[in-house]
Amino acid sequence: MIDQFSILAYSSRAEIRKSERIVEEARQAGKQTAFLSHSHKDSALAKGLQGFLQSKGWLVYIDWEDTAMPSKPNRETAQKIKDKIKRFDWFLYLATANSASSRWCPWEIGYADGVKNVDKIVIIPTRDSAGHHHGNEYLDLYRNVNSAQGGGYGLFYSNNRGTLLENIRS
């Protein structure tokens, strides 16, 4: 479980890389790529998570940073999202109250479940400022990001076995 305020601390970092051309650059550099499923109402959290994961050697795609995406969601948007989910190494689901009520996020994780290896789908459970936990409904199906014993964050299975984020390879 990650506190949302911890994620937000990364959102103002100037060195966060934008999503465009992320796949080609990441593959050349040997870095992990990930599609981030999130509610657009959580844009600051999405940017913060992008920065946090970038600090661990991952490059994270955020759809609204992509100038090739249609300005209004439509059928083309859905097709482009499907293509991105398949193309990136990982599918990440930022679990918040907003993503749970989103029309797109449940569709995206359902699509990812059908086209990606289950080991490449990761839930990022969060805790908001009121102490509410988000993401529990998915934790038993997929790996999740959580704090690791001894510090840092890792990818964990429901049996608490996992690997630090910076040690993950495709």
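Taken together, the values in this text are just the output of simple stated rules run on the coordinates, not laboratory data. None of these values were measured; they are calculated from a predicted model. Positions of Cβ are generated from backbone atoms using ideal geometry, with glycine treated the same way; all protein chains shown enter the neighbour counts.
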| query | Using mean Cβ contacts within 10 Å as the protection proxy, how do 107-116, 28-37 order, highest first? | reply | 28-37, 107-116
| task | Using DSSP, restrict attention to beta bridges with both residues in segment 2-167 and report what percent are antiparallel, rounded to the nearest 5. | result | 35 percent
| message | Suppose a student asked you for the relative contact order of the chain, using Cα pairs under 8 Å spaced at least 6 residues apart; what percent would you report? | response | 24 percent
| remark: Checking Arg127, Arg103, Arg87 against a Gaussian network model of the chain (alpha-carbon springs below 10 Å), the top fluctuating residue turns out to be Arg103
| remark: Taking 0.36 nm per residue of separation between Ser101 and Asn167 and subtracting their Cα-Cα distance, the length gained on full extension comes to 20.5 nm
| Over segment 61-113, what number does the Rg to Rh ratio reach, with both radii from the alpha-carbon atoms and Rh per Kirkwood? | 0.93
| Theoretical gain in end-to-end length, Asp83 to Trp64 [0.36 nm per residue, Cα-Cα removed] | 5.3 nm
| field | Cut-off 12 Å (backbone N to label point 7 Å along Cα→Cβ of Ala9), residues of segment 124-154 | value | 152
